[in-house]
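The block underneath contains the structure these notes are about, expressed in structure tokens.
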Amino acid sequence: MNRRVVLVRTLMLALVGGLVFFTVTHQRPKVPADADHLKSDDPQACLSCHGRGKPHARTKNHPLNDHCWECHERAR
């Protein structure tokens, strides 16, 4: 077999293996289990503190998604 074909297949296998590993081991960020964070499951309640211009605004590298519970989970 051609060296280039072997190299491409090896790189593809490594990429797929890395993606599978990340998918299996990734843990969703937990929301603190304090009184402020246990009040509501409504994303608007989250954004009242974590929205743009608010006291605890999300960082610039945070995804532009206002559906908090798609990524975060409650710490219990």
Of all residues in region 35-50, how many are at pLDDT 90 or above and in a loop (DSSP other than H, G, I, E, B)?
-> 0
Leading residue by the ranking (least open to solvent (accessible area, probe 1.4 Å)) among those in region 65-76 that are in contact with a helix residue (DSSP H, G or I) (Cβ under 8 Å, 6 or more places away or on another chain) and of a type outside the set (D, E, K, R) | 68
Out of curiosity, is residue 62 free of Cβ contacts under 8 Å to residues at least 24 places away in the same chain, assigned to a loop (DSSP other than H, G, I, E, B), of a type outside the set (D, E, K, R) and open to solvent by less than 70 Å² (accessible area, probe 1.4 Å)?
-> yes
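The values are calculated or read from the model by the stated rules, or taken from the named source; none is laboratory data. Only a predicted model underlies this, so the values are computations on that prediction, with no experimental measurement involved. Glycine also receives a Cβ, built like all others from the backbone with ideal geometry; neighbour counts cover every protein chain displayed. With ligands, DNA and RNA removed, areas are computed over all heavy atoms of the protein, side chains included. Shrake-Rupley method; radii C 1.70, N 1.55, O 1.52, S 1.80 Å.
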